[in-house]
Structures are given as structure tokens and as C-alpha cells.
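See structure below.
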Amino acid sequence: MNPVVQLVRDGARLVSVFGSRGPDRAVRLHYLLDNRQPDYLSFEFPVVGPVPALTPILPAAAWHERELHETYGVPLLGHPDLRPLVDHAQSPLLEVSGEGVCEVAVGPVHAGIIEPGHFRFSVMGDAVLRLELQHFYTHKGTEALMEGRTPADALLLAESVSGDNCFSHAVAFSQAVEAAGRLEAPARAQALRLVGLELERLMAHAADFGALCGDVGFPLPATFTARLKESLLQASRAALGTRCWRGLCRIGGMARDLDAAGAHTLLQAVQAAAAELASLAEAVFDTPSVMQRFQTTGVLPPADARALGVVGPAARASGLALDVRRDHPSGAYRTLDFKVETLEDGDVLARARLRILEAAASARMIAAALDALPSSAVCLPAPAPLAGDGLAAVESPRGELLYWLRLEQGFVRRCHIRSPSFQNWPALPRALPGNIIADFPLINKSFNLSYSGCDR
């Protein structure tokens, strides 16, 4: 039996499935698994014929295997739905019919400035029976664009996969390159990376919480959290010369150091924002009209979250204690001992509460890191040419973000990006049935998935 199948049957978590081509252009199949050990398990096999699909025994593999089939033409035996993800012309939406059943199409063009995505609802009255997703309208081919580039050039592409999580992508890519080259960033750079990752999480969670309030007609918290996020962006600009930490991470460490004055500016802004966010959340959760909309809405049961391989806040709000910072720590996270917060209800309220808990934890981690920044260089030169395979993951604001890459003679031969949004989008339809269609924007926002991160 394929060892991957056996490990999955024994409870290993599927992280990703993807393909590559060798020098002879032959297709090779890659599996990444989490078997509750510090290191991920990586398997690579040549494709010599039809491959038994994992999806029938593990729904989390569905999109991965669809993408593998579309991109590399790998025949997957037993897969229930091999429609292409990117080529919509060859991927018709499933038709739903029946007495009293209507179909409601939303998108792909939406109001505001969000990116395109199509949602097809099957409803009876106001109640949602089924939701089908169709994404990849802005598929960028980022992985292919990286091929043949130097790691430094490819890093710029990694930063652009999902703009609001640009630092997470930069760190994950850089650490994958460092793993391939057996490099270790200086201790001070590792601490600064932790500060940047947790600051990105704090800003994302604050903004998401405010947006949830806005979706239920409570605009004051949305305005309030926008101001909090702006205060942190301005503090970053004052301390490091960039609002979103774009361009700060580089292979071998960080491009810029943080002096004592900058650290003080950042620390004051973080502590003030965290205190105000906690006070705001207390008032929001004490508002009956908000609780009525949040509670029992968009429930993702733990069994569904586990079967679909959900990661990040969505997983932890459904009782799954998964967090890269604890389970697969890297850099300065290896010195931390922190509790992974989980809640059990799996509804909008749980996802909102979890973000507040995690924002407070991020503020504490930032304060501790800034208080004890090691004295060292912030970047080491990388030897050239780099060669080898590298794998790295970080806990981005949306969850587990993973980069796998292969370097040959100093150039990227293959890079695979497994974003948390690609993993979590298939779970959204599981949280919709039984809710009214008017609650879809609220449920969707509570997952806060990235179109761009999915359409990499």
C-alpha cells in the first residue's frame, strides 16, 4: 500500500499534494503530511500510470488533486470530481433542481474593491441548501513565474501573492530558501521576523473583527478598528520606514534593523491598540443585537473541519488545536511556550472571539520580543549558488502558509505555495446550509479568506 494512504488512514493530516517535472520532463508527485512531529513528512514518487485518488478517503485532498490533474494531467482513479479549477470553460457549475428550489448567482464581480469570485447558491425561500464556489478568475501563475529566477527575485513574487499577508509570505519563502541552503538567519533577525508576523496578525484580526461588526449594521466598531490598524501602520512607518513590512524580509535575515527608539515607538502603539481592542470587544460581545447575529450562525462542525483539513483561526474556532507556531516552530518561535487557543462552537461568534484572544496573545509576544532583542547582525550573506530542496511554514493570520521549493545552480527549479485560503475555501460551503442567504456576507467574512492567496 502507498505509505501516504496508510499514514492518512492512521490519522496523519494532509498538508498538500502537488506535482513537478524532472529534467526529463517526467511528472513527479509530491505529498506533504503532518504526523504530529516537529518536521513535516515529504514524499516524492514518479507518475508511471494512474494514481489512486486520496479524495474518497480524505475530502481535504479534493482541490489539490483537481489542480494536479488540471496542471499535470495526472490520472486520478476514483476522484469524484475532476473538473478544472482554473479553466472555467471546461468546468460547468452543477445544476440543482427541484420544486421550490431557486439558484442565486453572486459574482464574480462584486461591489467594492474585493477580487472576483463566483458563488452559486441553491435556496428554498431564504434558506441556503447548497453553495458552489468558482474561483481562480485572477490566477496569476506565480509558481511558474518563479521558475528560472534567483531566490532574491522570486522573493518579490512571494510578497505579492496576498498583499495583506505580504510579510508572512516573505518569511515563509525566505525560510524555505534558507532550509534548502542550510542557512540560519541571525538571532536578532529571527526575533524581528516574529515581531513582524505577530504585528501582521494583530492588524488582520483587529480589521476582521471590525468588518464583522460592519456586516451586522454596527459600523462604529468597524471605524474604530480601522483607526487602530492605521495607528499600527503609522508606527511601522516611523520605526522601520514601511507600513506593511514589505521589502524588510530577505534571504538570510532582514533588510533593516530596528533601533531602540523605533522599538519603543512600535511597542507603545501595539500596547495601546491591544488595550483598546480588548475594551471594544467587551462592549461588542455585550451587545444583544450583535450576539443574535453572530451566535449559531455559519457553524462549521469539528468533524467537517477535520475532514477538510481546515487550518488557522477557522480550525481553532471549531476545536482543532492546530498552530504552526507550536507544532512546527521555526526561528524565534522555537524559544516560546504558548497556549493554542481553541473554541468549540465553530460559529461566527467563535471565530470572532478567537481573533480577539489571538490578538491579545500577539501583543504579548511582540512586547516580549522587543524587550529582549538579541544583539547580533540582522542578515548574513547567502552562499552561491544555492541548491537543494527547502520546506518552511509559518502561521499567517489566516493559518498555515507553506512553501516548498527546489533550487538548482542558484535558480528556482520549482516552487509550490500552499496558502491557507486554498485549503479553507472548500470548507465555506459546509458552513452555509441551513442559514439564510442574507447571512452569507457575515459567514464569509468570519472565515476571511483571500481570493488572491487562493488564485496564486
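Every number here is computed from the coordinates shown, using simple stated rules; none is lab data. Please read these numbers as outputs of a predicted model, since none were measured by experiment. Cβ: placed from backbone, ideal geometry, glycine included. Neighbour counts: every protein chain shown.
In table form, for the structure just shown:
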quantity: Förster-model FRET efficiency, 30 Å R0, Glu230 and Arg364, C-beta, rounded to 0.05; calculated: 0.85
quantity: Shape category assigned to segment 319-421 from the gyration tensor of Cα positions, a/c cut at 1.5; calculated: oblate
quantity: Potential lengthening between His139 and Ala384 on full extension [0.36 nm per residue; Cα-Cα distance subtracted]; calculated: 85.0 nm
quantity: Kyte-Doolittle at least -1.0, axis length at least 30 Å by Cα - qualifying DSSP helices, the chain; calculated: 187-215, 219-240, 260-285, 348-371
quantity: Kirkwood hydrodynamic radius (C-alpha pairs) into Stokes-Einstein, segment 3-88, 20 °C and 1.002 mPa s, D in µm²/s; calculated: 161 µm²/s
quantity: Between segment 127-142 and segment 199-244, the Cα center-to-center distance that results, in Å; calculated: 27 Å
quantity: Interchain or long-range residues, amide H under 5 Å from Arg130's placed H; calculated: Ser122
quantity: Linear extension gain, Arg326 paired with Phe218, 0.36 nm per residue minus alpha-carbon span; calculated: 35.4 nm
quantity: FRET efficiency, Asp153 to Ser42 (Cβ-Cβ, R0 22 Å, nearest 0.05); calculated: 0.30
quantity: Estimated FRET transfer efficiency (Asp286, Glu184; beta-carbon r; R0 51 Å; 0.05); calculated: 0.60
quantity: Long-range HN-HN contacts of Cys249 with modeled amide H, under 5 Å; calculated: Ala255
quantity: Taking Phe18, Phe209, Phe218 and counting other C-beta atoms within 10 Å, the order from fewest to most; calculated: Phe218, Phe18, Phe209
quantity: Rounded to whole Hz, the Karplus (6.51, -1.76, 1.60) HN-Hα couplings of segment 249-258, x for glycine and proline; calculated: 7, 9, 5, x, x, 10, 7, 8, 8, 10
quantity: Inter-centroid distance (Cα atoms) of segment 336-356 relative to segment 266-283, Å; calculated: 18 Å
quantity: Tensor-based shape of the chain (alpha-carbon gyration tensor, a/c under 1.5 rounded, otherwise prolate or oblate); calculated: oblate
quantity: Pairwise label distance in nanometres, His110 with Ala26, each label 7 Å out on the Cα-Cβ vector; calculated: 4.4 nm
quantity: Counting DSSP beta bridges with both ends in the chain, the antiparallel % (nearest 5); calculated: 95 percent
quantity: Long-range HN-HN contacts of Gly399 with modeled amide H, under 5 Å; calculated: none
quantity: Normalised contact order of segment 142-454, rounded percent, pairs of Cα under 8 Å and 6 or more residues apart; calculated: 29 percent
quantity: Gap separating the Cα centres of segment 1-63 and segment 371-405, nearest whole Å; calculated: 24 Å
quantity: Relative contact order (%) - criterion: Cα under 8 Å, at least six apart; region: segment 3-88; calculated: 24 percent
quantity: The chain - mean residue ellipticity at 222 nm from DSSP helices (-39,500 (n - 2.57) per run, n ≥ 4, rounded to 500); calculated: -12500 deg cm²/dmol
